[in-house]
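Throughout, read-outs are computed from the coordinates displayed, never taken from laboratory work. This one's a predicted model, so the numbers in the text were calculated from it and none came from an experiment. Neighbour counts are summed over all protein chains in view; Cβ atoms, including those assigned to glycine, are modelled from backbone coordinates with ideal geometry.
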Amino acid sequence: MTTTTVPRLSRELHGRPVAPVRIVHLGLGNFTRAHQAWYTEHAPDAGEWGIAAFTGRRPDAAEALAPQDGLYTLITRQADGDTFEVISSLSAVHPASDTEAFLGYLRSPQTAIITSTVTEAGYMRGADGHLAVGDPAVAGDIEALRADAEAAARTTPGKLVGGFLARRAAGAGAITVLPCDNLPDNGPTFRAVVEELAERVDPTLLDWMRQNVSWATSMVDRITPATTEGERAAVAESQGYDDASPVPTEPFSEWVIAGDFPAGRPAWEKAGAGIVDDVYPFEQRKLWMLNGSHSLMAYAATIVGHETVADAIADPTVRGWVEDWWDVAGKHLQVDAEDVARYRAALLDRYNNPRVRHLLAQIAADGSQKIPVRILPALRLERAAGRLPDGPVRALAAWVLHLQGHGAPVKDARESDVVAAAQGTVAEATNALLGLLASDMVPDEDLVAAVVAKAEEILAQVGTAKG
Ligand code: CS2
């Protein structure tokens with residue numbers, strides 16, 4: 001590739017001046033760069049709202065972005081071509097380990113918001129929904145922060161507790177936590193684990209948090225695949241500069257936010273974000289319809305032989321499986337039938353976009369965190385009504401098969417637990433996995449028998465995917 005012949009992207013070359021840091025973000029990955037950073041860039045007061053972003057699982061993001069002053073190119077892939085835009089709302093990028101910088105921002109009264117894209121697993125919840133105090137990383141953070149308030153915390157709840165201790169000591173006042181992860185009620189969920197950790201470190205912090213920390217909730221949506229070398233080359237060729245870390249994304253984007261921002265916030269609504277009183281109906285619709293069908297395809301369609309969402313949805317068998325799931329999930333949403341129909345049609349358009357190469361193997365990761373919030377709630381409601389519909393039963397069967405070695409490779413925050421539970425027959429695996437993640441749903445012999453039948457049906461389709 002001829003990246004040496006073009007200059008590296010920089011603020012000097014391209015982009016607005018560095019905005020003062022007023023937002024601290026945890027979990028610098030492609031998603032937040034296509035979403036929150038884009039909304040912040042497009043807010044009319046963008047010049048007053050810089051983001052300092054800390055990496056999560058991908059330390060290389062800071063290494064790539066620091067030499068280009070936090071700038072990067074967002075490549076929006078329409079079905080008929082690309083548009084390129086330089087995003088300059090990241091004022092600073094740091095590796096996750098830079099505790100000193102993190103605490104420094106938290107001590108500043110200028111910092112008004114902490115946002116997060118740390119994934120479902122980042123909340124460090126156990127199967128009972130509470131903070132996983134037995135997890136070595138959580139236990140380590142509690143011990144370290146008890147001994148030294150400025151210790152380097154490893155988990156997200158630990159980082160927040162360390163940050164709040166520093167903010168209290170500095171008298172820096174009110175702040176809002178705005179989670180941007182795919183979890184129902186992400187604000188209250190985040191708050192609960194952080195409070196549980198705080199109580200163990202320093203119970204007096206809880207009072208300060210009640211007076212100074214607001215917990216907002218948000219629904220986030222934008223399909224954002226991982227970057228490939230092809231995108232870097234496309235930027236160099238068409239834009240005339242080298243960007244070591246461009247982000248490909250789809251045209252569609254949605255952000256719905258509820259909460260208080262006592263220290264202020266960018267005018268995100270002017271950039272298209274929805275500000276509402278209750279995020280739940282939006283969150284449930286997105287999590288069940290989009291993310292639920294994503295997870296179904298990530299397992300079932302990779303077993304059949306597909307690699308991307310666009311390939312999978314073009315296969316009439318897989319498309320039928322997705323429709324079966326939507327028929328069930330759509331019934332339980334708190335939105336009217338017309339809205340569900342419109343949403344389904346829009347999702348099909350988004351999935352069919354051939355220029356968004358969204359790998360199913362990427363979506364397959366962390367099923368132990370995703371299946372319980374994307375698939376099981378609708379299945380539970382159906383079981384309570386005495387029904388065993390195809391859609392959710394098939395999704396569960398596909399996940400069990402995946403954990404037994406079919407389709408996409410297994411990559412999971414609780415890999416050893418779920419792989420151990422998935423040993424044996426499909427019936428044994430189903431029982432053990434439900435026992436682990438949804439103990440209220442076992443025993444249920446009829447459900448297990450239905451999962452076994454659906455697993456056989458899926459395996460009968462192996463090899464039917466074309467090229
Ligand atoms: C996907 C999501 O990887 C996954 O689990 O379902 O990241 C999905 O692409 C986004 O939520 C879309 O907004």
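Suppose a student asked you for the relative contact order of region 11-278, using Cα pairs under 8 Å spaced at least 6 residues apart; what percent would you report?
So the answer I get is 23 percent.
Which far-off residues, 5 or more places away or on another chain, put their amide H under 5 Å from the one on W255, with H placed in the peptide plane?
G274
What does the convex hull of the Cα atoms come to per residue for region 11-278, in Å³?
So the per-residue hull volume is 123 Å³.
Along the positive direction of the dipole of region 281-460 (beta-carbon charges: Lys, Arg +1; Asp, Glu -1; about the Cα centre), which of I458, G424, P372 reaches farthest?
Sorting the options by dipole projection puts first P372.
Please give the Cα centre distance for region 407-467 versus region 1-48, rounded to the nearest Å.
42 Å
At 222 nm, what helix-only mean residue ellipticity would the chain give, in deg cm²/dmol to the nearest 500, using -39500 (n - 2.57) for each DSSP H run of four or more?
That comes out to -13000 deg cm²/dmol.
In whole Hz, with x marking every Gly and Pro, tabulate ³J(HN,Hα) for region 263-269 from phi via Karplus 6.51 cos²θ - 1.76 cosθ + 1.60, θ = phi - 60°.
In residue order, the calculated couplings are 9, x, 7, x, 7, 4, 5 Hz.
Starting from the amide H of A96, placed 1.01 Å from N in the peptide plane, find each other amide H under 5 Å away whose residue is 5 or more places distant or on another chain.
So A96 has HN proximity to T55.
So what are the three principal axis dimensions of the chain from its Cα atoms, in whole Å, longest to shortest?
59, 56, 40
Can you compute the FRET efficiency between E143 and E254 using 1/(1 + (r/R0)^6), with r the Cβ-Cβ distance and R0 = 41 Å? Round to the nearest 0.05.
0.50
Place a +1 charge on the Cβ of each Lys and Arg in region 281-460 and a -1 charge on the Cβ of each Asp and Glu, then give the dipole magnitude about the Cα centre in debye, rounded to the nearest 20.
520 debye
How large are Rg and Dmax for region 223-338 when only the alpha carbon atoms are used, in Å?
Spelled out, the Cα radius of gyration and Dmax of region 223-338 are 18.6, 51 Å.
Counting only Cα atoms, I'd like the Rg/Rh figure for region 404-457, Kirkwood definition for Rh.
With Rg and the Kirkwood Rh in hand, the quotient comes to 0.97.
Between V462 and A361, how many nm apart are label points set 7 Å from Cα along the C-beta direction?
So the label points at V462 and A361 sit 1.8 nm apart.
For the chain, what's the relative contact order in percent, using C-alpha pairs closer than 8 Å and at least 6 residues apart?
Dividing the mean separation by the residue count of the chain yields 15 percent.
Quick check on region 291-418: take the gyration tensor over C-alpha atoms, sort the square-rooted eigenvalues as a ≥ b ≥ c, and tell me if it's rounded (a/c under 1.5), prolate or oblate.
Taking the square roots of the gyration eigenvalues as a ≥ b ≥ c, region 291-418 is oblate.
I'd like the Karplus ³J(HN,Hα) series for region 376-383: coefficients 6.51, -1.76, 1.60, θ = phi - 60°, whole numbers in Hz, and an x wherever there's a Gly or Pro.
5, x, 5, 5, 4, 5, 5, 5
Evaluate the charge dipole of region 138-202 about its Cα centre and quote only its size in Debye, nearest 20, assuming +1 on the Cβ of each Lys and Arg and -1 on the Cβ of each Asp and Glu.
160 debye
Over the alpha-carbon set of region 68-135, divide Rg by the Kirkwood Rh and report the Rg/Rh ratio to two decimals.
1.11
Using a 10 Å cut-off around each Cβ, can you sort H25, H130 from fewest to most neighbouring Cβ atoms?
Going from least to most buried by this count: H130, H25.
What are the ³J(HN,Hα) couplings of region 350-365, residue after residue, when phi is run through the Karplus curve with 6.51, -1.76, 1.60 and θ = phi - 60°? Round to Hz, x for glycine and proline.
Per residue, the Karplus-derived 3J(HN,Hα) values read 5, 5, 6, 4, x, 8, 9, 8, 8, 6, 5, 5, 5, 6, 5, 4 Hz.
Taking the Cα centre of the chain as origin and charging only Cβ (+1 Lys, Arg; -1 Asp, Glu), how large is the dipole, in debye to the nearest 20?
The calculated dipole for the chain is roughly 440 debye.
How large are Rg and Dmax for region 1-122 when only the alpha carbon atoms are used, in Å?
14.6, 47
Projected onto the charge dipole of region 11-278 (+1 at Lys/Arg Cβ, -1 at Asp/Glu Cβ, origin at the Cα centre), which of N182, L26, T73 gives the Cα projection farthest towards the positive end?
L26
Volume per residue, Å³, of the convex hull around the alpha-carbon atoms of region 351-455?
105 Å³
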